[in-house]
Each structure stands twice: as structure tokens, then as C-alpha cells.
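Novice: What follows is a single structure, and I will ask about it in a moment.
The values are calculated or read from the model by the stated rules, or taken from the named source; none is laboratory data. Because the structure is a prediction, the values reported are computed rather than measured. Don't worry about glycine lacking a Cβ; one is built from the backbone with ideal geometry, like all the others, and counts go over all protein chains shown.
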Amino acid sequence: MTGTSLVEWARALDEAWLRAEVVPAPSTVEPSLTTDDAYAIQDLIIRGRLAAGRRIAGWKMGLTSAKPPTTPIVGTLLDDMVIPSGSELSLPTMVAPMVEAEVVVRIGETLDRAQTAAELADGPHQVGPGIEVIDYRTMNSVGVVDWIADNSTVAYAVIGELVPVTEVDPALIETSLSCDGRHLAVGRGDQVMGNPLEAVAWLSGHLVERGRPLQRDDVILTGSLTGHHVVPTDDVGFSADFGDLGTVSIRFHP
């Protein structure tokens, strides 16, 4: 794919984010697009936003709990996309949001090489409860090329209180997701590649290859434990109970 075409796709998707509108899924218009092209489109969008004063705050991982297992995908979290538990969001600023409960990892030191899960488990990192707010800005998305180009469909990372990773086994973390008290789904950490730290280990190598190793304070959404759930169009709140790790919540307003 030519650089000009990638720039055009980046511009279209960037405007879709800003206006809360949908655009055609890239692969349905140009079936020759590859995952490398999709990451190039994502990077162009992020580069423009960094130039406007934003900063990278972390990463979203997707497909880490897919059955059968497949290669994860990655999206970029910017500083205004990482919000604390208890935040409120306006529905008109998104297209069709969904939520899912996830284990969050915060990196405690810059990692200039790929790490193993065992190394991460002994490192100065933190782990805690999170909710990802997803928003598809492409019409009739058909696969990873469309999702990656659309920043792997991430809108927000809602973060609860974090604890040292040495105090908990992320594989055994359990969560229950609910909507205004109505139970939706349960999940456990080992649904994510056997251990959310395995997902972070994979990400550490992926980012080294892309020339941007994990940095201190990067926040990582490691992947869904509960499947995704559509946000209704009325005033509604979601919460995820992570047991001893506490809860995390987000509210939406029409």
C-alpha cells in the first residue's frame, strides 16, 4: 500500500474519532491492506496527536483471550484515554461503546528488551482492576486489519487501585462484571494467555520490534475476561468486582 493511501486512511479514521462518526472498514475498500499497513495507519494517527500535545500513556491488547489462541493485536493509549474509576462519559462522544473487564498492569521501569512473564512477576510493576471502553469507528469491520487501523478499537481505559505484582498471582484474579447491579459475566486472569503477564511479555517483544519499548508508568489493558457488553443508550453504570483487588466502575450519560 502506498504512503499516500495510508495517510488518507489515517486522516479518515482520525476524523471519525474526533466526530464520533463511522467510516468504511479499510479492508472492505482495499482488501490488499496488511497488518503492517494497519499499524502504519495507527501510528500516523498517533503521531499527529502527539504533535498536538498528547502523550502515550500505555497500550491496549486485544485477542489475548481468543479461542482458539491467535496473535494479539495492540492499540495505543493516550493520556486523556486513561481515566480513574468512578469517571463519567458522554455517550454522544462515541459511536457505539461496549465495555469489558480486564486486568491492568502498570510498568514500573523502562524495559529495553523483551521480558518473560517470570521476570515481570518479580519486577517493580503493579496490577489491578480495569474496564476497557471499546468503540468501533469502522463500518462492517471484518478482522484484525480494520481493528488495528482503528487503534484496536479502544476508547478509554478505566483504572482502579493498583498493588505490587509481587503481592498477587494475576492468573488467579477473578472478576464479576455488572450493569447497575445486574450480573453480566465472570472471568479469571488465566483466560488471558494463561496469565496476563504472558500477554505483557508478548507486548514487550512486540514493542521492541516497533522501536518503542515499554516505558515506566505505561498502563496496559491485558485483554478481556468477560467478553464485551453493549452500553445502552440511557443513563447507566458498569462495575467490575475483582475481589480483594477492589472494584472499578464507569458511568455513561446520554
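Novice: Restricting attention to segment 4-34, report how many residues are hydroxyl-bearing (S, T, Y), under 14 Å from D150 (Cα atoms) and surrounded by 15 or more Cβ atoms within 10 Å (Cβ to Cβ).
Specialist: 2
Novice: Moving on. Can you name every one of the strands (runs of 3 or more DSSP E) wholly within segment 42-134 that holds 2 or more residues which are more than 13 Å from the chain's Cα centre (by Cα) and more than 16 Å from F252 (Cα to Cα)?
Specialist: So the answer is 126-134.
Novice: Out of S85, S65, I need the residue that is touching a Gly at 6+ places or on another chain (Cβ under 8 Å) and closer than 17 Å to G227 by Cα. Which one?
Specialist: S65
Novice: Take A149 and tell me if it is among the small types (G, A, S), under 16 Å from the mean Cα position of the chain (by Cα) and over 18 Å from T64 (Cβ atoms).
Specialist: In short, yes.
Novice: Determine whether G246 is modelled with pLDDT of 95 or more, under 25 Å from A66 (Cβ atoms), surrounded by fewer than 18 Cβ atoms within 10 Å (Cβ to Cβ) and not β-branched (V, I, T).
Specialist: Criteria not met by G246.
Novice: Here is a follow-up. State which residue is nearest to P84 (Cα to Cα) when the search covers only segment 154-198 and only residues that are small (G, A, S) and assigned to a loop (DSSP other than H, G, I, E, B).
Specialist: Restricting to residues being small (G, A, S) and assigned to a loop (DSSP other than H, G, I, E, B), the top hit is G160.
Novice: Looking only at segment 28-38, decide whether some residue is aliphatic (A, V, I, L, M) and either within 27 Å of V158 (Cα to Cα) or touching a His at 6+ places or on another chain (Cβ under 9 Å) (or both).
Specialist: yes
Novice: Looking at segment 73-85, I want the residues that are in contact (Cβ under 8 Å) with a residue 12 or more places away in the chain and have a partner that is buried (at least 21 other Cβ atoms within 10 Å of the Cβ) and basic (K, R) with Cβ atoms under 8 Å, at least 6 apart or on another chain. Which pairs are those?
Specialist: From residues that are in contact (Cβ under 8 Å) with a residue 12 or more places away in the chain, the pairs are V74/K60; G75/K60; T76/K60; L77/K60.
Novice: Pairs needed: first member in segment 1-12, at pLDDT below 60; second member anywhere, in a loop (DSSP other than H, G, I, E, B) and buried (at least 19 other Cβ atoms within 10 Å of the Cβ); C-beta distance under 6 Å; at least 6 residues apart or different chains.
Specialist: Cβ pairs passing all conditions: M1/L33.
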